[in-house]
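A short worksheet on the structure shown next.
The values are calculated or read from the model by the stated rules, or taken from the named source; none is laboratory data. Quick caveat: nothing in here was measured; it's all calculated off a predicted structure. Heads up, the Cβs are rebuilt from the backbone with ideal geometry, glycines too, and the neighbour counts pull from every protein chain shown. All accessible areas refer to the heavy atoms of the entire protein, side chains included, with ligands and DNA or RNA removed. Shrake-Rupley method; radii C 1.70, N 1.55, O 1.52, S 1.80 Å.
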Amino acid sequence: MNHDTQVIVVGAGPVGLLLAAELRLAGAETIVLEQVPRPSPRRRAPGIGPLAFEALQRRGLELLLALHRWDDDDAPEDAHRKAKGKSRGRGKRRAKAKDAGAVVEPDRGNGHFARIGTIDPALQEEPERRGRPIGQSGLEAALRAHAENLGVRIRQAHTVTGLRQDDRGVTVSFTAGTVSPPQSRSCRAPYLVGCDGHLSTVRELAGFDFPGTGPLVTGRRARADLVSWKALPPTVRTPHGTVLHGGGSVEVYEPAVPHSDHQGPITAEELEGSARRAADARVFVTRFTDAVSFTDHAHQVTDYRNGRILLAGDAAHVHSPGSGQGLDLGLLDAVALGWRLAAVVREEAPEGLLDGYTAERHPVAAAVLHNARAQSALLLPGPHTEALRSIVADLMDFPEVNRYFGRLLSGLDTRYDLPYAPAEPHPRFGRPAPDLLLDLPGGASTRLSRLTTGGGFLLLAPPGSPALAAARARLDDRLRAREVTAIHGENLSAALIRPDGVIAWTCRAGGTPDLALLGAALAAWLG
């Protein structure tokens with residue numbers, strides 16, 4: 001049976017767009033099918049974390065992101081406040097929970113753990129590695145432009161209605177257009193990837209196992225102002241819930257109603273009623289837009305692959321959006337999968353290369369679900385939770401504890417268990433690389449991100465290095481080599497960088513390259 005393209009991506013959100021761009025960059029023909037007729041202008045995630053930003057930076061998207069930075073009509077100060085890693089003070093500047101009455105806490109933006117304490121950038125091990133404030137619609141616009149510039153075909157108003165896979169490919173049935181009755185069509189490709197969000201049609205139709213836990217809390221948030229006859233502090237916790245407001249936004253958390261998991265748009269009256277219950281005060285919502293309800297239910301598929309159908313982003317894992325980690329998680333799924341899938345469909349690598357996608361990304365998402373559940377538990381009202389929150393707030397004054405939470409939320413401690421390893425691995429081995437500063441022969445310097453815009457594997461090594469000679473026979477459009485005279489601040493003389501930025505082989509400064517290990521790395525990834 002003939003194929004219409006090499007990969008079908010379902011979902012044109014940030015994850016689907018980035019995955020399609022990564023596939024196209026690696027030479028795979030891609031079509032994106034999106035259910036909605038046009039991109040949504042609704043504000044959602046207010047920023048991306050350091051690993052996601054570095055992944056986009058490696059593709060030369062820093063300027064494009066800046067151009068679309070305020071597409072969500074965010075005031076710059078407000079967006080900066082919400083970006084990961086930003087802080088407005090930390091530690092004990094918090095009213096202690098003396099009883100079951102209202103507890104007043106300062107507004108801590110997004111650099112927090114369950115609205116407790118503040119992640120202090122100055123205390124982190126790599127303070128220069130930070131996220132960027134960009135609204136999700138702005139991010140989507142930037143990624144859409146990037147994907148279309150690469151030749152990705154994006155089809156809006158295409159609703160998937162059925163899937164059928166065999167040993168040679170996947171056929172997807174869909175309705176196209178907004179006319180009634182809709183036109184029924186089909187498309188076929190060797191592989192299909194579902195990036196269609198937490199209510200994934202692909203996940204449901206393909207029969208992925210999706211275990212998890214039900215909701216503890218229900219959240220509601222909107223671009224709005226909260227007005228009260230008596231002044232309410234920016235954050236107030238009562239026996240009924242939590243209300244946060246200021247900077248043109250309102251966010252409310254209440255205990256979840258049993259057997260209810262409503263998520264989606266809500267009215268001003270619903271938000272106002274929730275805020276009144278949680279704050280135990282008569283309040284009014286004004287200037288109301290972009291209101292949604294969400295819960296903290298947490299689920300993850302047991303395997304990201306079912307034959308020729310794969311999942312990425314919220315289609316593979318869902319958790320409370322209050323922790324601000326879901327978008328980063330999905331974008332990094334996309335860069336981890338793109339180069340693998342492109343190599344397989346182009347018959348440059350065996351199908352087994354795809355198994356590493358689940359092996360590497362499933363534990364990372366599981367860890368995020370773990371800390372998201374902990375944050376949900378700490379948002380429940382009541383004297384026992386208040387006592388625990390008070391202790392956690394005190395602990396976050398200790399620098400090492402603050403760094404621990406910083407690593408937990410940023411993902412900077414991510415390390416993949418590669419199928420080979422040196423006896424004494426370098427600290428960067430198996431981890432996403434920062435934007436390394438490199439010295440070049442002749443005295444010039446450059447950054448890693450300027451060498452990776454075209455994707456592929458990159459071998460950095462000194463002139464005349466045996467590593468360069470060992471890799472020379474494999475150099476092609478998938479593996480490039482660049483001579484460097486220094487890799488600043490890393491105790492490295494040579495490194496192999498995967499297309500997703502992971503450091504897959506290293507040689508310490510002044511050391512002798514382990515050519516057998518380099519050969520194992522090249523064999524593992526390039527086939």
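Laid out as a table, the results:
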| quantity | calculated |
| --- | --- |
| More than 16 Å apart - percent of Cα-Cα pairs taken over the stretch 144-232 | 72 percent |
| Between helix 326-345 and the chain: long-axis angle, C-alpha atoms, 0 to 90°, nearest 10 | 20 degrees |
| Option label - semi-axes √(5λ) of the Cα gyration tensor in Å computed here, alternatives [x] 59, 23, 18; [y] 40, 30, 19; [z] 36, 26, 23 | [y] |
| Most to least packed among 279-288, 3-12, 371-380 [average Cβ atoms within 10 Å] | 3-12, 371-380, 279-288 |
| Asp417 accessible area, 1.4 Å probe, all protein chains in place, Å² to nearest 10 | 140 Å² |
| Farthest toward positive dipole pole in the stretch 255-346 [+1 Lys/Arg, -1 Asp/Glu at C-beta], among Val283, Ala342, Asn306 | Ala342 |
| Relative contact order, percent, the stretch 436-527 [alpha-carbon distance under 8 Å, six or more residues apart] | 27 percent |
| The chain - percent of accessible surface contributed by carbon and sulfur, probe 1.4 Å | 53 percent |
| Furthest towards positive pole of dipole, Ile116, Leu408, Gly324, structure part the chain, Cβ charges | Ile116 |
| Beta bridges per DSSP with both ends in the stretch 430-503, % antiparallel, nearest 5 | 70 percent |
| Rounded tilt (10° steps) of 399-410 against the dominant C-alpha axis of the chain | 70 degrees |
| From phi via Karplus (6.51, -1.76, 1.60), per-residue ³J(HN,Hα) for the stretch 420-430 in Hz, x at Gly/Pro | 8, 6, x, 4, 10, x, 5, x, 8, 4, x |
| Burial ranking of peptide ranges 331-342, 237-248 (average Cβ count within 10 Å, highest at the top) | 331-342, 237-248 |
| Dipole moment magnitude, nearest 20 debye, the chain about Cα centre, only Lys, Arg, Asp, Glu C-beta charged | 740 debye |
| Normalised contact order of the stretch 218-365, rounded percent, pairs of Cα under 8 Å and 6 or more residues apart | 22 percent |
| With Cα atoms, 0 to 90° folded angle of helix 136-149 axis to the chain main axis | 20 degrees |
